[in-house]
Amino acid sequence: MIKDADEFVESIKLLGKLEKKLVDYIDCDDFHEISFFQKFDATFNKMNIKENYDLYEVFIRLLCRISLSRPSLKTSHKKIVHVISTLISDYEMLEVFHVAEIFNTFKNNRSILLHLFKQNIITARMLCQEVYNTHNTYFFLFFYPEIQHVDPKLFTKMTKKFNNVALTIKKYDDSLDLFFKKRDVGHSEDEVAEIIRNDDIDQFTNLLERSLVGINSKIFPSIFESNSDINSYFNGGASLLEYSMIFGSINIFKYLLLHQAVFNQKSYRYAIIGGSNEIIHILEDDNRFKFDKECLIKSIGCHYFDITYYLKSSLSLSLSKDEEFINDIESLNFYQFSEFIKTSDELVKIVDLFPDSFVNYLIYITELFFLKFLLRQDHMDINTNIIYFIYLQLSTWFLTWSNMPHL
């Protein structure tokens, strides 16, 4: 017997509907921007979500996920900021959530944190606390002017500990205005990266002719980039061809493909991240490699509903039920999840597939929305230690941020 199954399925459907309205707004052109936002806002208002903490909390986490999933859309950041501003002004976000929760929710998107800092919603002391706790060099460098101002000791400690930190700061010592400008862009500061993002084929070929870059050069990780897929240190950065896929730069992509730029099976996931149907179809016709299950998973993670449908229906890609369930949960893709589980009976069948250890997995990824539902089920063998672990983790997190100890 699954407790509250009907209520949970209904919540998933509501979140899926809201997610679809949000994505439609983020993806729409300038002409439809106002009308699509009004549709999203009307749906949000009708749900009375500010009265339901769990739904509101999981929605703002979803908002952060989507804020990182559209690098090729130049208007994406502006629209996300508009949604956040509306949540604050019309839906009491700052009253419903402690500022520590807001910080923790959006900390993976440094550009959003910068906006919240400029609006005096989060403080420089909170930025310092994050660096103090994690020693994340990219986070530190992104906010180093603010940290240097409020906590010189932490600033000195970080610059002494990491050589690359000191070198990067020295680069902008006499040009903070340039640093702020590049930080506002939120992507790689490299000249070739900017040219690719703008799909400026003339400037790009000029760089090649002057031997300033090569066909198979890479865009290395940048302190200004928040998207972990783009900024993957372990992959040594994205190739120029992959970077053109990410930003939907069709002219430069075609040029590099024509001139035999090297790519491999893993490169195809960058085409999914970019979301360009034209690039996806060109790669499909090229036929050197195939879109695979990893590409399908990435499309779910990026909340590209049409691409997910295309990969499933036209390319016959699929996931097992447990794979679908896990990936929908990990990505907070409620639209996909609501298509996958339409009734409480279907939910019961899926939940029964998972052992008690699945609860540990949800704890590991801190997925509280689904975890709370599973904790209510009698058949889950949840021992006292796990419950205490959850309580300890949440209590420690809250006390750390609310008290803000002196660094």
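A few notes on this one:
- Fewest-first sequence of Ile273, Ile341, Ile326 by Cβ atoms within 10 Å of each Cβ: Ile326, Ile341, Ile273
- Relative contact order %, the chain, counting alpha carbon pairs below 8 Å whose residues are six or more apart: 19
- Helical contribution to [θ] at 222 nm, DSSP H n ≥ 4, -39,500 (n - 2.57), averaged over the chain, rounded to 500: -19500 deg cm²/dmol
- Note on the range 1-83: Cα Rg divided by 2.2 N^0.38 Å, N the number of residues, gives 1.18.
- Listed peptides 247-259, 286-298 appear in the order 247-259, 286-298 once ranked by packing, highest mean of other Cβ atoms within 10 Å at the front.
- Ordering 21-31, 105-115 by mean Cβ neighbour count within 10 Å, with the highest value first, yields 105-115, 21-31.
- Candidate aspartates and glutamates for bridging to Lys79, where Cα separation is under 20 Å - those fewer than 8 sequence places away on the same chain excluded: Glu19, Asp24, Asp27, Asp29, Asp30, Glu33, Asp41, Glu57, Asp90, Glu92, Asp184, Glu225
- Electrostatic dipole magnitude of the chain [Cβ: Lys, Arg +1; Asp, Glu -1; Cα centre; debye, to 20]: 1060
- Ranked list, fewest to most other Cβ atoms within 10 Å of each Cβ, for His303, His82: His82, His303
Values in this text are rule-based calculations from the coordinates and carry no lab data. Keep in mind that what you see is a predicted model, and the values were worked out from it rather than measured. All Cβ positions, glycine included, derive from the backbone under ideal geometry; neighbour counts span all protein chains shown.
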